[in-house]
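K.L.:
Handing you this structure, nothing more for now.
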């Protein structure tokens with residue numbers, strides 16, 4: 001079985017917004033890396049934090065927990081948090097956990113940065 | 001109930017079902033791993049491929065993967081307090097509908113030697129309380145058709161969960177589906193194996209794996 005390696009993170013600054021694009025799987029093992037990346041992104045105090053999940057093939061509840069934590073910080077610091085690019089598989093866990101209405105979720109990156 | 005001992009220290013109790021032939025006597029796959037979350041990605045891949053191979057549609061297979069992943073993460077977090085050297089066993093059974101001879105349900109048993117918890121207090125949390133954590137049990141119960149936690153003797157927990165194959169995809173037990181496999185690599189019916197021998201299991205022998 002090929003080692004898929006750790007979760008990869010891409011940061012991009014665009015018009016004051018930070019776009020964070022994790023790539024890989026976000027399970028129990030990988031969620032701490034996402035947590036650190038989200039913290040770093042929020043610490044930059046961007047005008048908006050966009051989390052582009054198009055490259056996330058799988059997410060479990062530790063990944064959801066990190067996003068909920070980031071959402072709570074974003075509300076405290078008044079930094080809008082937008083999720084985009086959810087694959088069907090990732091969207092399914094949001095729906096099972098009844099979270100779609102909690103987050104601002106848009107279809108893709110152009111919609112998130114518009 | 002019959003005590004069966006595998007090739008290591010996990011005594012398993014097979015629960016007699018109302019129609020006993022429904023429960024497969026031995027697992028199709030039995031996987032042992034240590035409680036290191038770095039290996040969860042491999043387990044996910046294996047479970048996903050197995051589920052598709054036995055006939056679950058992609059959407060169902062990925063949800064079963066999620067349930068197993070959540071259950072294993074709970075064992076690692078709560079059962080072994082994030083220790084990396086705890087022992088975990090995952091067994092996958094194909095249960096047969098005795099009346100029709102059709103594969104009807106996937107039974108997954110996860111056993112550990114970690115800390116015990118009263119099964120009565122293992123519950124999902126209020127989903128209206130939006131906060132990080134505590135969603136794993138909800139996911140497991142939402143995805144699987146039945147979920148049962150038990151305490152093992154003398155220590156550890158056993159989680160038994162079942163997922164019925166959707167009716168439209170049910171296949172004869174001897175004809176596993178071949179999702180994603182080209183015709184030249186199509187599945188052959190499983191070879192006939194000698195019946196499971198509890199005595200051999202009690203003595204610590206290994207089970208033949210297809």
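K.L.:
Among B:124, A:74, A:101, B:62, what is the fewest-to-most ranking by other Cβ atoms within 10 Å? The partial results should precede the final answer.
P.N.:
Working: B:124 15, A:74 20, A:101 9, B:62 23.
With the sparsest Cβ surroundings first, the list reads A:101, B:124, A:74, B:62.
K.L.:
Here is a further query. Averaged over A:57-68, how many beta carbons belonging to a partner chain fall within 10 Å of each residue's beta carbon? Numbers along the way, then the final one.
P.N.:
Values: counts 1, 8, 1, 12, 14, 9, 0, 5, 6, 1, 1, 5.
Per-residue shielding by partner chains comes out at 5.
K.L.:
If you take every DSSP beta bridge whose two residues both sit in chain A, what share of them, in percent to the nearest 5, is antiparallel?
P.N.:
On the way: 7 of 21 bridges.
Just about 35 percent of them are antiparallel.
K.L.:
Using the number of other C-beta atoms within 10 angstrom as an exposure proxy, rank B:90, A:102 with the fewest first.
P.N.:
Numbers: B:90 22, A:102 15.
Least to most surrounded, the residues fall as A:102, B:90.
K.L.:
Same structure again: Looking at the square roots a ≥ b ≥ c of the eigenvalues of the Cα gyration tensor of region B:93-157, which shape do they give, rounded for a/c under 1.5, prolate if a/b is larger than b/c, or oblate?
P.N.:
Details: a/c = 3.18, a/b = 1.41, b/c = 2.25.
Oblate, since a/c reaches 1.5 and b/c is not below a/b.
K.L.:
Tell me, what does the Kirkwood hydrodynamic radius of region A:1-65 come to in angstroms if you use every pair of distinct C-alpha atoms?
P.N.:
Working: mean 1/r = 0.0824 Å⁻¹.
Value: 12.1 Å, from the Cα pair sum.
K.L.:
While we're looking at this one, here's another question. Calculate the spin-label point distance for residue A:69 paired with residue A:23, positioning each point 7 Å from the Cα along the beta-carbon direction, and give it in nanometres.
P.N.:
Those two pseudo-labels are separated by 2.5 nm.
K.L.:
Also, quick follow-up: Could you please state, rounded to a whole Å, how far the C-alpha centre of region B:110-172 is from the C-alpha centre of region A:42-112?
P.N.:
Centre-to-centre (Cα) distance: 26 Å.
K.L.:
What FRET efficiency, computed as 1/(1 + (r/R0)^6) with R0 = 22 Å and r the Cβ-Cβ distance, is obtained for residue A:39 and residue B:131, rounded to the nearest 0.05? Kindly include the intermediate steps, with their values, before the conclusion.
P.N.:
On the way: r = 17 Å, r/R0 = 0.78.
The pair residue A:39/residue B:131 has a calculated efficiency of 0.80.
K.L.:
Right, another one. May I have the pair-distance distribution P(r) for chain A, computed from all Cα-Cα distances with 10 Å bins from 0 and rounded to whole percent?
P.N.:
All Cα pairs, binned at 10 Å, distribute as 14, 52, 30, 3, 0 percent.
K.L.:
Still on this model: If you take the square roots of the eigenvalues of the alpha-carbon gyration tensor of region A:52-95 and sort them as a ≥ b ≥ c, do you get rounded (a/c under 1.5), prolate (a/b over b/c) or oblate?
P.N.:
On the way: a/c = 2.73, a/b = 1.77, b/c = 1.55.
It is prolate, given that a/c is not under 1.5 and a/b is the larger ratio.
K.L.:
Treat each spin label as a single point 7 Å out from the Cα along the C-beta direction, and report the residue B:100 to residue B:164 distance in nm.
P.N.:
1.0 nm
K.L.:
Return one number: the angle in degrees, 0 to 90 and rounded to the nearest 10, between the long axis of the Cα atoms of helix A:31-43 and the longest principal axis of the Cα atoms of chain A.
P.N.:
Relative to chain A, helix A:31-43 is tipped by roughly 10 degrees.
Rule-based calculations on the coordinates, nothing more; no lab input. Everything numeric here is computed off the predicted structure, so don't read it as measured data. Glycine also receives a Cβ, built like all others from the backbone with ideal geometry; neighbour counts cover every protein chain displayed.
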